[in-house]
Amino acid sequence: MNITSLYNLIVGVSPTIEVFFRKLYWTNVSKTSRLSQKPTRTRKDATPINFDRIIENIKHRGVGEGKTIIIHSSYDLLENSGLSPEEINSKLLQLVGREGTLVMPVIRRYKEEGRKEEYLTTDLDNVVCTYNVQKSKIVSGLLPFTLMQRDDCHVSRFPLNPIVAIGKYAEEMIEHNLEGDEPTPHGPKSSWKFCFDKEAIVIGLGVDMPHYLTITHVHEECSKNWPIKNWYRKRIFDIIDKDFTTRKEVLERKPIWGTMYFAEKKYRKDLLKNDILKIENVEGLNISIIESTRLLNFLNAHPHKGYPYYVESKFLK
């Protein structure tokens, strides 16, 4: 049994244990981050992949023309299909057709945010970060980076967890992202909430859900009675999109909640148990599918305050 399997076994006992290990990791992040580096998988040690079989599997599971789909992916694991990122994106666009919409996160990192080791301690309330929609570095993978190079794509101007989209609803889903005082990345006027309203289907290609399940945050940011106190911090961005420029104050979930209190393994287990997260291995690749409507209904009905975060009672309203 390797270290990852042992960790999953231990934290799978209870969310309290998982939160304990998260705190242990992040309070010693300068040391632990060096130990958690994963070796890069190369084409030499990967099994050949027939991507058309992956598309057929997705179709058989109810995803097809006219659907809005959100793709989270790892091209490292898809590269052995022999297809370029452009070719894979074309096949995904063919899957949803002219009446569908293909969505991918184009998450950015900003130099003003500092190093990972300082993530929990850096005060960014009055730091102005620059989000250049076309040029700021994308850290969410090669498929979304490549999709953004297409002339027919639309990219969110919201600087936190922005999306790139092509298709029927692409322009509409980013239209109102920045409206209102101190909007949030997954709030009522966000692209992520728009995707939920359109009953988007979330698909993971070789990535571990729910670690990449960004639409989860629609639940907390659209809730009128979110039970955890002091959930947000203020962020300031200069936003540049070709000839468009503006300075905008937005709200972001404080880093402490996601790093220390998000019970990811418990969440994954619950989604599998309730048949919300469905994983099939196709061509040696895990293909995950989640219907956003079922996911958000499950979260809204969950009896645990603040689920899937497990915080001490002193943090609750």
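Taken over segment 272-288, the criterion of being in a strand (DSSP E or B) and either over 13 Å from G204 (Cα atoms) or in contact with a helix residue (DSSP H, G or I) (Cβ under 7 Å, 6 or more places away or on another chain) (or both) is satisfied by E280, V282, L285, I287. Just one of the listed residues (C195, C222) is closer than 18 Å to F158 by Cα, out of contact with any Pro (no Cβ under 7 Å at 6 or more places or on another chain), of a type outside the set (D, E, K, R) and touching a residue at least 24 places away in the same chain (Cβ under 8 Å), and it is C195. Residues satisfying the criterion are present in segment 227-250 (criterion: buried (at least 16 other Cβ atoms within 10 Å of the Cβ), in a loop (DSSP other than H, G, I, E, B) and touching a residue at least 12 places away in the same chain (Cβ under 8 Å)). Pick from I58, I70: which is touching a Cys at 6+ places or on another chain (Cβ under 9 Å) and open to solvent by less than 20 Å² (accessible area, probe 1.4 Å)? Answer to the check: I70.
Residues considered: G187, G180. Of these, the only one that is in contact (Cβ under 8 Å) with a residue 12 or more places away in the chain and farther than 21 Å from L277 by Cβ is G187.
Among the residues of segment 155-184, those that are surrounded by fewer than 23 Cβ atoms within 10 Å (Cβ to Cβ), out of contact with any helix residue (DSSP H, G or I) (no Cβ under 8 Å at 6 or more places or on another chain) and on the phi < 0 side of the Ramachandran plot comprise L160, K168, A170, E171, E175, H176, L178, E179, D181, P183. When segment 2-52 is examined, which residues are found to be of a type in the set (A, V, I, L, M), open to solvent by less than 50 Å² (accessible area, probe 1.4 Å) and modelled with pLDDT under 85? The answer is V11, V29, A46. Would you confirm whether any residue within segment 251-264 is within 17 Å of the chain's Cα centre (by Cα), in a loop (DSSP other than H, G, I, E, B), of a type in the set (D, E) and over 19 Å from R109 (Cβ atoms)? There is no residue in segment 251-264 that is within 17 Å of the chain's Cα centre (by Cα), in a loop (DSSP other than H, G, I, E, B), of a type in the set (D, E) and over 19 Å from R109 (Cβ atoms). With respect to the conditions (1) open to solvent by 10 Å² or more (accessible area, probe 1.4 Å); (2) farther than 25 Å from T216 by Cα; (3) at pLDDT 95 or above; (4) touching a helix residue (DSSP H, G or I) at 6+ places or on another chain (Cβ under 8 Å), N80 lacks only one, and its number is (3). Does segment 185-199 contain at least one residue that is modelled with pLDDT under 95 and either buried (at least 21 other Cβ atoms within 10 Å of the Cβ) or assigned to a loop (DSSP other than H, G, I, E, B) (or both)? No, because not a single residue in segment 185-199 is modelled with pLDDT under 95 and either buried (at least 21 other Cβ atoms within 10 Å of the Cβ) or assigned to a loop (DSSP other than H, G, I, E, B) (or both).
The values are calculated or read from the model by the stated rules, or taken from the named source; none is laboratory data. Just so you know, these numbers come straight off a predicted model, no measurement behind them. Neighbour counts run over all protein chains shown; Cβ positions are idealised from the backbone, glycine included. In case anyone asks, the SASA skips ligands and DNA or RNA and just uses the protein heavy atoms, side chains included. Shrake-Rupley method; radii C 1.70, N 1.55, O 1.52, S 1.80 Å.
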